[in-house]
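Quick note: the coordinates plus some simple rules give every number you see, no bench work behind them. Keep in mind the model is a prediction, meaning the values are calculated, not measured. For neighbour counting, all protein chains shown are included, and Cβ atoms are generated from backbone atoms with ideal geometry for every residue, glycine included.
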Amino acid sequence: MTIERRIVVGLEDVTYIIFQCEKCPFRMSMSPDEIRQIPENCSGCGHNWIVGEQEGSALPPLKAFTKSLEKLRLLIRHKSFGFKILFEFEEPKDR
């Protein structure tokens, strides 16, 4: 018999968006309702998080994502939809 477990999360369940540096262990946690600016550099080591050619193309979608998340969460609080948006994840495997 196979048993699968999944984790289901709604947008209203997201408490923080975490930005984690690729070069050092630094993490920055921000409430999705209060993100005003996307960090462009790591506050721990100074590593550029948005670099080179991608700076012009990556930043607008990042800003749009965080702004959309904030607006969707507000609409969900006001019950503006007749449905929920849910994300499903497989349970992490033991390493």
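For segment 1-77, trypsin sites (Lys or Arg not before Pro) meeting the loop criterion (DSSP other than H, G, I, E, B) and having at most 10 other Cβ atoms within 10 Å: Arg5, Arg36. For segment 6-84, the spread of Cα positions along the three principal axes, ordered from largest to smallest, is 43, 27, 24 Å.
Taking every lysine pair in the chain that is 8 or more places apart or spans two chains, those with Cα atoms closer than 19 Å amount to 5. For Phe26 and Leu72, the FRET efficiency from 1/(1 + (r/R0)^6), where r spans their Cβ atoms and R0 equals 25 Å, is about 0.35.
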